[in-house]
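Here is the structure we will look at, set down as structure tokens.
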Amino acid sequence: MLDTTGVSDERLLRLREAALRIRENSLIQAEVQGQGYIGQALGVSDILAALYTDQMRFRPEEPEWEHRDRCLLSIGHYALALYAALVEAKVLPFEELESYAADDSRLPMSSMSTYTPGVEISGGSLGHGLGIAVGIALGLRRKDSDSHVFNILSDGELGEGSTWEAALEAAQHQLSNITAVVDFNGLQADGPSQDMLSTEPVDEKFRAFGWEAIRVDGNDPAQIVLGLEALRANQDQPGVLICNTKVGKGVPMLEDREKLHFMRVAEDEWTQARAQLKEVFDNESK
Amino acid sequence: MNPSKPPVRRSGAMSASIAGEDQRTVKAPLGHALVDVAREDERIIGLSADLAKYTDMHIFRDAMPDRFYQAGMAEQVLMGMTTGLAMEGFVPFTSTYSVFATRRAYDFICLDIAEPNLNANFVCALPGLTTGYGPSHQATEDIAILRGMPNLTIIDPCDALDIAQAVPQMASSEGPTYMRLLRGNVPLVLDEYDYEFQLGKAALLRPGADVLFISSGLMTERTLEAAKRLAEDRIDVAVLHVPTIKPFDAATVLRELAADRLVISAENHSVVGGLGESVASTMATGGVARKFLQVGLPDQFLEAGALETLHERYGLDVDSLISTVKNNIG
Ligand SMILES: Cc1ncc(C[n+]2csc(CCOP(=O)(O)OP(=O)(O)O)c2C)c(N)n1
Ligand SMILES: [Mg+2]
């Protein structure tokens, strides 16, 4: 557990408000699509708020600015959450959210760099992100750039050998300009992660692979930002922030629902979901 | 709301159904066929890489939990596990999506399974364009990738009947097989014809003097439908169904090519390296020249969107088949 007393109340409120808007933006997309990856999106919103409103350097009007920090989302099905964060970061216009997954939209259901400003890589086939992060980190180092590379990956992606090959490479080349952020939500397509291919204890595995690893509550914004800062201070090793997150976080009716990779939400439930989100936020802000 | 505006179409889940609304379907034919075969054959083992639920393998998993292995999301070692079990005399049926089996795990299938000609069977979902999810999940070139692999049998079933009848033949045949799996509510089409699935054999489903469709997979349902509708315009269309892409039944294809008709291949796959090119090379090497057109997916990364939109856009729908015939006949 990190001591979070150093995170000021104002900063915390800013983070929580950003996460709220990212959740609201995700709900808009999930509702127009009628179903989908809303459980994951709600769970990862605090991480995205920390990265896009507190930690990363970028220019909203110039998504390909050379000196930006790179954030690679390798989990393509989390696309709606990324679009929600890119709206919060003012890279994408709010109005575009309604085109999520629609024909000829710039916001496909699975994120693709060729479609959307601000999206660095194409996801969908899982286990690609960390390897690409290694190459980008090497490239940035060759250019004497101080830009940082983040890779958001899922607990499921830790099953892929390619992820661990990349982890070895990053340590081999002492790529301290990489921070991996694992959204550990305990869920995969066929069921709970521990019943698929258990990767626990994940933090010890990364340490054994030459990384600095910190494990936090991935729905606690203060812990997330402090964890990211601590990892970035390490000049010798790549860092990984393992975030324990809750599927459906912030909307009790979805938190309590059976944990499913593809969550079912009835047509008449979206209004209630939005109301619950606001209610929980207001109660926690008192 | 503007009432004249058409509704927005969107891509659905990874597992979008290919069946039309008012269509006869069978639920999870692969899963049930596999359970039936496994009751008779103790060697059968099921495996999946975090996609049992999305490949109908969950039916087998739930019926025979002690004969199923969940590999987690790790497709390369999934093939390693498949290899080792086959080496020890078991008959694995291994499921994932076509893209992950063919793109990520090719090397492991090729050298460890195909070269020693092990009896291992791959049942892989989302072949060709059966999801609007985008290039990561659209296996538009799976046949092109796999046709060059010696020893491998490639099956492109049309419907639930093809799947149910293919499974026992995959289990009993020597060497590896790969099925382009249709999952979920799978259309039932071929029971209306005098037809049985026979591994390695093409079958004429209907005769016709003017046009010959040579089709596989879900396109056979559409060529049959197109043939029915063209009959109303007095265009007489034959349909040759080729559910085994490799080994290719060149003898039957050449027999059908003997009559001089417009020949159109139709496949749910890229026009590069699939059924159409198999037909073309059979024609050329067999010394037959016919007017020949290929219906299939363009040599491009396809777009994301609603499946229906994409089938129309890329010409896999029945209307496109009909206009291809009308524009090229006579
Ligand atoms: C290489 C690869 N294998 C399989 C899949 C199919 N798939 C999509 S999401 C998923 C679950 C992976 O686990 P995780 O990302 O932790 O899932 P979530 O938390 O979103 O349920 C699987 C197996 C894929 N997209 N890529
Ligand atoms: Mg997960």
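The values are calculated or read from the model by the stated rules, or taken from the named source; none is laboratory data. Everything numeric in this text was worked out from a predicted model, so none of it was measured. Because the Cβ atoms are built from the backbone with ideal geometry, glycine has one as well, and the counts that use them run over all protein chains shown.
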Surrounded by fewer than 23 Cβ atoms within 10 Å (Cβ to Cβ), assigned by TED's automatic domain parsing to the domain that holds residue B:120 and within 16 Å of ligand 2 (Cβ to nearest atom), is that true of residue B:76? no
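For the stretch A:132-176, enumerate the residues that are within 16 Å of ligand 2 (Cβ to nearest atom) and not in a helix (DSSP H, G or I). Reasoning before the result, please.
We begin by selecting, within the stretch A:132-176, every residue within 16 Å of ligand 2 (Cβ to nearest atom); these are A:151-160, A:163.
Those that are within 16 Å of ligand 2 (Cβ to nearest atom) and not in a helix (DSSP H, G or I): A:151, A:152, A:153, A:154, A:155, A:160.
Look at residue A:119 and say whether it is touching a Cys at 6+ places or on another chain (Cβ under 7 Å) and either under 23 Å from residue A:85 (Cβ atoms) or away from ligand 1 (no atom under 16 Å from the Cβ) (or both). Spell out how you get there, then give the answer.
Values: touching a Cys at 6+ places or on another chain (Cβ under 7 Å): no; either under 23 Å from residue A:85 (Cβ atoms) or away from ligand 1 (no atom under 16 Å from the Cβ) (or both): yes.
Spelling it out, it is not the case that residue A:119 is touching a Cys at 6+ places or on another chain (Cβ under 7 Å) and either under 23 Å from residue A:85 (Cβ atoms) or away from ligand 1 (no atom under 16 Å from the Cβ) (or both).
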I need a count of the residues in the stretch A:240-265 that are under 18 Å from residue A:4 (Cβ atoms) and either of a type in the set (Ser, Thr, Tyr) or away from ligand 2 (no atom under 16 Å from the Cβ) (or both). 1
If we keep just the residues of the stretch B:94-128 that are in a helix (DSSP H, G or I) and under 22 Å from residue B:243 (Cβ atoms), which is nearest to the chain's Cα centre (by Cα)? B:98
Of (1) touching a residue at least 40 places away in the same chain (Cβ under 8 Å); (2) more than 30 Å from residue A:112 (Cα to Cα); (3) within 20 Å of the chain's Cα centre (by Cα), residue B:239 satisfies all except one. Which? (1)
Helices (runs of 4 or more DSSP H) wholly inside the stretch B:146-261 that include at least 1 residues being within 19 Å of residue B:130 (Cα to Cα): B:160-172, B:218-232
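For residue A:186, are the conditions met, namely being within 14 Å of chain B (Cβ to nearest Cβ), surrounded by fewer than 24 Cβ atoms within 10 Å (Cβ to Cβ), touching a residue at least 60 places away in the same chain (Cβ under 8 Å) and within 11 Å of ligand 1 (Cβ to nearest atom)? Outline the logic, then answer.
On the way: within 14 Å of chain B (Cβ to nearest Cβ): yes; surrounded by fewer than 24 Cβ atoms within 10 Å (Cβ to Cβ): yes; touching a residue at least 60 places away in the same chain (Cβ under 8 Å): yes; within 11 Å of ligand 1 (Cβ to nearest atom): yes.
Yes.
Filter the stretch A:144-165 for residues that are of a type outside the set (Val, Ile, Thr) and more than 14 Å from every other protein chain (Cβ to nearest Cβ) and give the result. Spell out the reasoning first.
Of the stretch A:144-165, the ones of a type outside the set (Val, Ile, Thr) are A:144-148, A:150-151, A:153-162, A:164-165.
Residues satisfying the conditions are A:144, A:145, A:146, A:147, A:148, A:150, A:151.
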Take residue A:247 and decide whether it is outside any strand (DSSP E or B) and either more than 23 Å from residue A:77 (Cβ to Cβ) or not basic (Lys, Arg) (or both). yes
